[in-house]
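Read the structure below first, then the notes.
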Amino acid sequence: MVHGRLCHDRIGKRLLKEFPPSSIVIVSRESRLAMWQAEYVRDRLLELYPQCSIEILGTTTRGDQILDRTLSKVGGKGLFVKELEVAMAEGRADLAVHCLKDMPMDLPEGFELAAVLEREDPRDAFVSNQYAALSELPAGAVVGTSSLRRQAMIAARYPHLVVKPLRGNLDTRLGKLDRGDYAAIILAVAGLNRLGLKSRIREWLAPEVSLPSPGQGTLAIEIPEGREDMRRALAPLHDAVAAAASA
């Protein structure tokens with residue numbers, strides 16, 4: 001509710017902003033993958049509006065800071081978006097780029113999804129320095145994942161494995177694997193592909209082994225509600241097929 005009031009109070013004058021826009025500020029988390037995503041959207045927009053000045057505003061969310069507890073115990077997926085929404089509500093940013101799978105089901109009052117971009121490979125990846133496939137892991141091997149969904153599916157199919165939480169951004173998770181904290185970890189294929197880390201994938205997991213999140217592999221762009229200029233600017237980026245697949 002507070003976000004909604006801030007949005008309308010502080011950016012009401014921007015609802016009639018010119019089109020095409022002369023400037024856009026994108027707010028993003030500061031992890032390498034999040035910045036890649038923001039830069040990707042920036043570059044797509046610059047192709048459409050080459051005269052537009054586009055800035056990326058980096059910020060750290062509570063979800064990035066709290067790494068010693070699972071998301072389900074500290075507030076869920078909303079921890080990754082709140083600070084970005086505050087930046088938009090305060091008028092410091094015009095839009096935010098998210099992984100759709102990291103967004104809560106319901107947006108706070110005062111915000112809307114303006115575009116869903118084309119979907120990358122939605123599958124989960126098995127990543128290990130010792131084993132070529134999930135089925136090859138020996139009894140007692142430790143598998144790391146941040147997802148309750150993945151934990152449940154792996155535990156049901158491979159009860160002889162030990163599944164433990166794995167928090168942090170993609171580089172942090174790979175670092176924990178490389179120093180021997182886990183025998184293997186499960187990550188989204190899309191994130192590895194986007195950062196040029198496809199070579200780290202040992203196995204692309206079939207959906208019956210690890211069912212992906214509905215929004216996995218898809219980028220979503222959030223804007224303050226009522227920003228018709230941003231709706232129009234982002235409309236060419238919207239992918240109806242990806243949006244339907246993630247609904």
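When Lys176, Lys198 are screened for being touching a Gly at 6+ places or on another chain (Cβ under 8 Å) and surrounded by fewer than 20 Cβ atoms within 10 Å (Cβ to Cβ), only Lys176 passes.
Has the stretch 188-200 got any residue that is within 19 Å of the chain's Cα centre (by Cα), modelled with pLDDT of 95 or more, of a type in the set (A, V, I, L, M) and within 21 Å of Pro138 (Cα to Cα)? Checking the stretch 188-200: not a single residue is within 19 Å of the chain's Cα centre (by Cα), modelled with pLDDT of 95 or more, of a type in the set (A, V, I, L, M) and within 21 Å of Pro138 (Cα to Cα). For the stretch 147-154, the condition holds for at least one residue, the condition being that it is without any contact (Cβ under 8 Å) to a residue 24 or more places away in the chain and farther than 29 Å from Glu39 by Cα.
If the condition is being aliphatic (A, V, I, L, M) and part of a strand (DSSP E or B), then the stretch 20-49 contributes Ile24, Val25, Ile26, Val27. Quick check on Asp239: is it in the same structural domain as Leu100 (by TED's automatic domain parsing), in contact (Cβ under 8 Å) with a residue 12 or more places away in the chain and surrounded by fewer than 17 Cβ atoms within 10 Å (Cβ to Cβ)? For Asp239, the condition - in the same structural domain as Leu100 (by TED's automatic domain parsing), in contact (Cβ under 8 Å) with a residue 12 or more places away in the chain and surrounded by fewer than 17 Cβ atoms within 10 Å (Cβ to Cβ) - is met.
For the stretch 99-120, how many residues meet the condition of being within 19 Å of Arg42 (Cβ to Cβ) and at pLDDT 95 or above? Here the count works out to 7.
Count of the stretch 131-145 residues, restricted to those that are among the polar types (S, T, N, Q) and under 9 Å from Ile186 (Cβ atoms), is 1. Candidates in the stretch 56-91 are the residues that are in contact with a strand residue (DSSP E or B) (Cβ under 8 Å, 6 or more places away or on another chain) and among the acidic types (Asp, Glu); of these, the one that is modelled with the highest pLDDT is Glu85. Of the residues Ser31, Ser23, Ser53, the single one that is among the polar types (S, T, N, Q), assigned by TED's automatic domain parsing to the domain that holds Asp102 and modelled with pLDDT under 95 is Ser31.
In this entry, Leu166 passes the filter for residues that are surrounded by 19 or more Cβ atoms within 10 Å (Cβ to Cβ), modelled with pLDDT under 95 and assigned by TED's automatic domain parsing to the domain that holds Gly144.
The values are calculated or read from the model by the stated rules, or taken from the named source; none is laboratory data. Since the structure is predicted, the reported quantities are computational estimates derived from the model, not experimental observations. We place every Cβ from the backbone using ideal geometry, glycine too, and count neighbours over all the protein chains shown.
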